[in-house]
Amino acid sequence: MAYPFQLGFQDATSPIMEELLHFHDHTLMIVFLISSLVLYIISLMLTTKLTHTSTMDAQEVETIWTILPAIILILIALPSLRILYMMDEINSPSLTVKTMGHQWYWSYEYTDYEDLSFDSYMIPTQELKPGELRLLEVDNRVVLPMEVTVRMLISSEDVLHSWAVPSLGLKTDAIPGRLNQTTLMGTRPGLYYGQCSEICGSNHSFMPIVLELVPLPYFEKWSVSML
Ligand SMILES: [Cu+2]
């Protein structure tokens, strides 16, 4: 999860989020280079006496400063498209979990099991135990196996919600009457926090998401205990 006054992203927990972080750094580097060049040129223009005030055209330099930005745009667009298609890919998932947004809680259904479903409500501040996180803890966590491809199906019972977990690079709208699909693959065990990311009503801030990624044998034990 994020720590107080954090700048930048949370650590990646899935290969996709790692790709996204690399892409962010790559794009930011280009932005820094352009900004430094522009600042340098501005400072030159302010401090030096301009010459060549009668120049009417300069074909060579105009060709360069048209083609160069085009190349830079391609250098941003191609890796961006690559990740976009990777995020869209469904790599034969081993488990499917359906989540429904409600005003104002999430419910989860493990559709590979006969009867494994539960609601996930936020724990109110006055009921928190020491060390628990305000507005982020839930009564029933989503337990998922790590290093297993999981398909998440996301929809809503009432209004628009959005199921988001930043460290997995996930944010999928929960739309009534429509079933959205996304895949996730956790690379390390732990607790991963997210929040509803669509203004959905008065208790929008109070429907967090908690994923508990565990090794596969632990997940199997948990799923048996839930049946
Ligand atoms: Cu919501």
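A compact table of results
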quantity: Carbon plus sulfur fraction of accessible area for the stretch 1-88, probe 1.4 Å, in percent; calculated: 73
quantity: Calculated Rg and Dmax of the chain using C-alpha coordinates, Å; calculated: 23.9, 83
quantity: For the stretch 1-134, the fraction of alpha-carbon pairs in successive 5 Å shells from zero, as %; calculated: 2, 6, 8, 10, 12, 12, 11, 8, 7, 6, 5, 4, 3, 3, 1, 0, 0
quantity: Orientation-averaged projected area, Cα convex hull of the stretch 148-227 (nm²); calculated: 5.9
quantity: Size of charge dipole - the chain - debye, nearest 20, with Cβ of Lys, Arg +1 and Asp, Glu -1, no other charges; calculated: 480
quantity: Accessible area in square angstrom per residue, the chain, 1.4 angstrom probe; calculated: 63
quantity: Viscosity 1.567 mPa s, 4 °C: Kirkwood-radius Stokes-Einstein D of the stretch 13-86 over Cα pairs, µm²/s; calculated: 84
quantity: Kirkwood Rh, Cα atoms: Rg over Rh of the stretch 68-120; calculated: 1.32
quantity: Most positive-pole-ward Cα, 9, 65, 169, against dipole of the chain from beta carbon charges; calculated: 65
quantity: Rg/Rg_globular for the stretch 93-224, with Rg_globular taken as 2.2 N^0.38 Å and Rg from C-alpha atoms; calculated: 0.99
quantity: Whole-percent carbon and sulfur share, accessible surface of the stretch 152-225, 1.4 Å; calculated: 55
quantity: Loop-resident sites, the stretch 1-100, for trypsin sites (Lys or Arg not before Pro), counting at most 10 other Cβ within 10 Å (DSSP); calculated: 49
quantity: Per-pair calculated FRET efficiency, R0 = 41 Å: residue 9 and residue 50 via Cβ, rounded to 0.05; calculated: 0.40
quantity: Local electrostatic count, residue 95, Cβ distance below 13 Å [Lys/Arg +1, Asp/Glu -1]; calculated: -2
quantity: Choice from 33, 170, 135 showing the highest fluctuation, given a GNM over the chain with Cα pairs closer than 10 Å; calculated: 33
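The values are calculated or read from the model by the stated rules, or taken from the named source; none is laboratory data. Computed from a predicted structure; not experimentally measured. Don't worry about glycine lacking a Cβ; one is built from the backbone with ideal geometry, like all the others, and counts go over all protein chains shown. SASA here: full protein model, heavy atoms, side chains in, ligands and nucleic acids out. Shrake-Rupley method; radii C 1.70, N 1.55, O 1.52, S 1.80 Å.
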